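Remarks on the structure that follows.
The values are calculated or read from the model by the stated rules, or taken from the named source; none is laboratory data. From a predicted model like this one, the values you see are computed outputs, not experimental measurements. Neighbour counts run over all protein chains shown; Cβ positions are idealised from the backbone, glycine included. Side chains are part of the model used for accessible areas, which takes the heavy atoms of the whole protein and leaves out ligands, DNA and RNA. Shrake-Rupley method; radii C 1.70, N 1.55, O 1.52, S 1.80 Å.
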Amino acid sequence: MKEKIRKIAVLTGGGDCPGLNAVLRAVVKTAINVYGVEVVGIEDGFGGLIQNRHKVLTSHDVSGILHRGGTILGTTNRDNPFKYPVVENGEKIYRDVSGQVIDNLQKLGIDALIVIGGDGSLSIGKELWEKGLPVVGVPKTIDNDLSATDVTFGFDTALVTATEALDKLHTTAESHHRVMVLEVMGRYAGWIALEAGIAGGADVILIPEIPFQIEKVCEKIVDRRVKGKKFSIVVVAEGAKPLGGEMVVAKVIEDSADPIRLGGIGNVVAKQIEECSGMESRVTVLGHLQRGGSPTPFDRILGTRYGAAAVELVMSGQFGKMVSLKTPDIVAVSLEEAVHELRKVQVDNDKIKAARSVGVSFGA
Ligand code: F6P
């Protein structure tokens, strides 16, 4: 590692997420304004690192992007330098090209790499750090499933999108006397479903952490009808599963750090509700709308704080770390801690308790 930092590289990895541009803006502005250090943006996540695609980011490049969703650098949730697909003799095989990645950065005169990503990208960042590359991480994901931080940026915006969807579904549910099922993202954690469900006044919330029984879901819906409420709102996390059953897998993407893509449980639940309650049910799969659009003020502020703090870590030589919100402070935690364990909803979480108190059923 060089003693003086002159050039920092930054990349956005994994699924896109509102607030990525806010972090990039803060990284570039802090590096230039405070330290007079150059920033190189790597295009399309680790793919750009492997294929040597990059561009210098000036203050001008990051001007006017604070409110914009997506990432000006592009991203991918496929290219893993430790398991990179190549075709040899007509056959697809996987190679470890991490050495090439480190060489590429050295040739560019890069002194440190900031990885903005979820657990997949941060795990790659950790491995590169263990191979000697000075790496600092920034926690990104709408799923909010990183245990070493109070919250990841992007979650708040996804939560607002899901809550607005529930507000809209409420009006049509009420008008048509239907059961409206909303399937939301979140992978193996139920944070989006739980919090949007509470904020959007859902009657049933199904999350991966509490396997559900469809009979209990129907009991709740029928009980509401008997009491005069002829509609119900059900929020289902994509990772929700029935007691003794499995999650519904939509597809498997071999080249991805996390190959499983969940999806489809909403349709299963709606069909079962229709059968057991006799009430007309409809499904909305919110999908990638949750990752799109302008970040909320919370995510813009958190992204700005994370980006500025990441540069501070680089400049003070604190590598192998991730910036983290430990309210009210931004602190540094090790990348090891960052990817050690997914942050799932604890079943004794006070939010679950409060939701139950106001009559929400978790189907259990
Ligand atoms: O991790 C973010 C996320 O949006 C998950 O909630 C979801 O399961 C997954 O990514 C979807 O990935 P893709 O963009 O590959 O469909």
- Query: Could we say that Gly201 is outside any helix (DSSP H, G or I), in contact (Cβ under 8 Å) with a residue 24 or more places away in the chain, within 11 Å of the ligand (Cβ to nearest atom) and in contact with a helix residue (DSSP H, G or I) (Cβ under 9 Å, 6 or more places away or on another chain) here?
  - Reply: no
- Message: Quick check on my filter: what residues within the stretch 308-350 are of a type outside the set (A, V, I, L, M), under 17 Å from the mean Cα position of the chain (by Cα) and part of a helix (DSSP H, G or I)?
- Response: His340
- Query: Of (1) within 16 Å of the ligand (Cβ to nearest atom); (2) assigned to a strand (DSSP E or B), Ile114 satisfies all except one. Which?
  - Reply: (1)
- Residue hits (the stretch 109-134; open to solvent by 70 Å² or more (accessible area, probe 1.4 Å), touching a Phe, Trp or Tyr at 6+ places or on another chain (Cβ under 9 Å) and free of Cβ contacts under 8 Å to residues at least 60 places away in the same chain) are Glu127
- Does Glu209 meet the test of being within 30 Å of Asp258 (Cβ to Cβ), outside any loop (DSSP other than H, G, I, E, B) and within 16 Å of the ligand (Cβ to nearest atom)? no
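Matching residues to (1) more than 19 Å from Gln51 (Cα to Cα); (2) at pLDDT 95 or above; (3) of a type in the set (Val, Ile, Thr):
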residue	(1), (2), (3)
Gly70	yes, yes, no
Leu73	no, yes, no
Ser98	no, yes, no
Thr149	yes, yes, yes
Phe155	yes, yes, no
Val160	yes, yes, yes
Asp167	yes, yes, no
- Item | Residue tally, condition open to solvent by 30 Å² or more (accessible area, probe 1.4 Å) and in contact (Cβ under 8 Å) with a residue 40 or more places away in the chain, over the stretch 96-108 | 2
- Of (1) loosely packed, with under 15 Cβ neighbours inside 10 Å; (2) among the aliphatic types (A, V, I, L, M); (3) part of a helix (DSSP H, G or I), Ile93 satisfies every one except (3)
- Query: Among the candidates Thr161, Thr157, Thr171, which residue alone is touching a residue at least 60 places away in the same chain (Cβ under 8 Å) and open to solvent by 30 Å² or more (accessible area, probe 1.4 Å)?
  - Reply: Thr161
- Task: State the number of residues belonging to the stretch 36-55 that are touching a strand residue (DSSP E or B) at 6+ places or on another chain (Cβ under 9 Å) and within 21 Å of Thr304 (Cβ to Cβ).
- Result: 6
- Query: Across the stretch 167-198, what is the number of residues that are within 15 Å of Thr141 (Cα to Cα) and part of a helix (DSSP H, G or I)?
  - Reply: 3
- Give the residues of the stretch 118-135 that are of a type in the set (D, E, K, R) and within 16 Å of Asn77 (Cβ to Cβ), sorted by residue number. Asp119
- Task: Only residues in the stretch 65-79 that are farther than 18 Å from Phe298 by Cα count as the first member; pair them with residues that are assigned to a loop (DSSP other than H, G, I, E, B) and among the polar types (S, T, N, Q), Cβ under 7 angstrom, at least 6 apart or cross-chain, and list the lot.
- Result: Asn77/Ser256; Arg78/Ser256
- Considering only the stretch 251-280, state which residues are among the polar types (S, T, N, Q) and open to solvent by 60 Å² or more (accessible area, probe 1.4 Å). Asn267, Gln272
- Message: Residues to consider are Leu325, Leu313; find the one that is within 21 Å of Val27 (Cα to Cα), in contact with a strand residue (DSSP E or B) (Cβ under 7 Å, 6 or more places away or on another chain) and in contact (Cβ under 8 Å) with a residue 40 or more places away in the chain.
- Response: Leu313
- Message: Quick test of your reading of the structure: Gly293 fulfils all but one of (1) touching a residue at least 40 places away in the same chain (Cβ under 8 Å); (2) over 30 Å from Val136 (Cβ atoms); (3) within 15 Å of the ligand (Cβ to nearest atom). Name the failing condition by number.
- Response: (2)
